[in-house]
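Single-structure report; data block below.
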Amino acid sequence: MDQDIYRGRVKFNGEEDINTLNAASNYANSLTSHLRFKEAKALLRKTIPVARRVHGENDENTLKILWSYAMALYKDRSSTLDDIREAVTTLEESERTARRVLGSAHPVTVSMEGSLREAQAVLLVVSEAQV
């Protein structure tokens, strides 16, 4: 269903519309929750530059899209060490921006902090396993 909504938004509103970006984020989250990481990452890699160009780095929707991308990276058991490092870096930067723009008590910021801790733990485990 999320896929249909996203495709409909792209068709009728264009890929730069805020509703299309939200639909892309929802679709990617659905893919991630169903362990379809490859598809989620592909969609988000396409969506991130659009969100940055249209709404900027400080936009809440851009931050959510970056957060979704990082989660798809570190939750995927087939991710490489570099993928997990990219997830941690993305979350560190996004969380810092969210704290500055949205505030430290904002639900997005708080949730990002939790994801950052989780990604850092995954990075530690994977790093130690490769030693």
Please verify whether K46 is at pLDDT 90 or above and more than 22 Å from T109 (Cα to Cα), treating the condition exactly as stated. yes
Of all residues making up the range 64-93, the number that are of a type in the set (F, W, Y) and closer than 21 Å to A23 by Cα: 2
Test of understanding: among I65, I84, which residue is under 12 Å from the mean Cα position of the chain (by Cα), within 28 Å of S127 (Cα to Cα), buried (at least 21 other Cβ atoms within 10 Å of the Cβ) and among the β-branched types (V, I, T)? I65
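The values are calculated or read from the model by the stated rules, or taken from the named source; none is laboratory data. Predicted model only: the values in this text are computed from it and were never measured. Every residue, glycine as well, gets a Cβ built from its backbone with ideal geometry; the counts of neighbours run over all protein chains shown.
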